[in-house]
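Working notes, structure below.
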Amino acid sequence: MEVGIEDCLHIEFEYNKSKYHLKDVIVGKIYFLLVRIKIKHMEIDIIKRETTGTGPNVYHENDTIAKYEIMDGAPVRGESIPIRLFLAGYELTPTMRDINKKFSVRYYLNLVLIDEEERRYFKQQEVVLWRKGDIVRKSMSHQAAIASQRFEGTTSLGEVRTPGQLSDGNSRQ
């Protein structure tokens, strides 16, 4: 993500990926390539945007999930600031895009710079949040078939054991 004002300010914000698990950590770095304005401080926000409706009846709701001041004072050219945002401490949901073309939940990283005259410069970049899928449980009929195979003395490979035979094929003594 790049933030810039022509011939005044040029910043690069690099982060390790664009898709994160809900309990992940966003790791990145901000590089100041050109600084000719007096920046008072900088902050980074995580914004959740919910959208509902279709056509002219679309409603957007923005919530600031987290806001961190990551710099106080004027940076110099060549300076870099490390970023580490832990997502586990927030009640987040997975990103959902256009569910039935009527609903979506999206998350954005918002980098905000404020100069000495209280002007705000910002750039938003979407990040995707995901959750691990639940463990798929086998159906009851599948479990019943496994139980009946065990009861009848059939192995999972379909081999039939005699009552005194061990799993390695040898007999009990």
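Overview of values
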| item | result |
| --- | --- |
| Reachable lysines from Lys132, criterion Cα separation under 25 angstrom, eight or more residues apart if same chain | Lys17, Lys19, Lys23, Lys48, Lys101, Lys102 |
| Extended-chain gain in nm, criterion 0.36 nm per residue less alpha-carbon gap, Glu50 and Ile37 | 1.2 nm |
| Förster-model FRET efficiency, 25 Å R0, Asn16 and Thr93, C-beta, rounded to 0.05 | 0.70 |
| Loop-located GluC sites (Glu not before Pro) in the stretch 1-103, at most 10 other Cβ atoms within 10 Å (DSSP) | Glu6, Glu91 |
| Förster radius 22 Å - calculated FRET efficiency between Arg131 and Lys67 (Cβ-Cβ, nearest 0.05) | 0.40 |
| Whole-percent pair-distance distribution, where bins are 10 Å wide, for the alpha carbons of the stretch 1-96 | 13, 38, 28, 18, 3 |
| Label point at Glu117 placed 7 Å out along Cα→Cβ; residues across the stretch 7-40 whose backbone nitrogen lies under 20 Å | 7-11, 34-40 |
| Heavy-atom accessible surface of the stretch 1-111: percent carbon and sulfur, 1.4 Å | 47 |
| Surface accessible to a 1.4 Å probe, per residue, for the residues of the stretch 2-130, Å² | 60 |
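The values are calculated or read from the model by the stated rules, or taken from the named source; none is laboratory data. This structure is a prediction, so every number in the text was calculated from the model and none was measured. Backbone-built Cβ (ideal geometry, glycine too); neighbour counts: all protein chains shown. We work out accessible area using only protein heavy atoms, side chains counted, and drop any ligands, DNA or RNA first. Shrake-Rupley method; radii C 1.70, N 1.55, O 1.52, S 1.80 Å.
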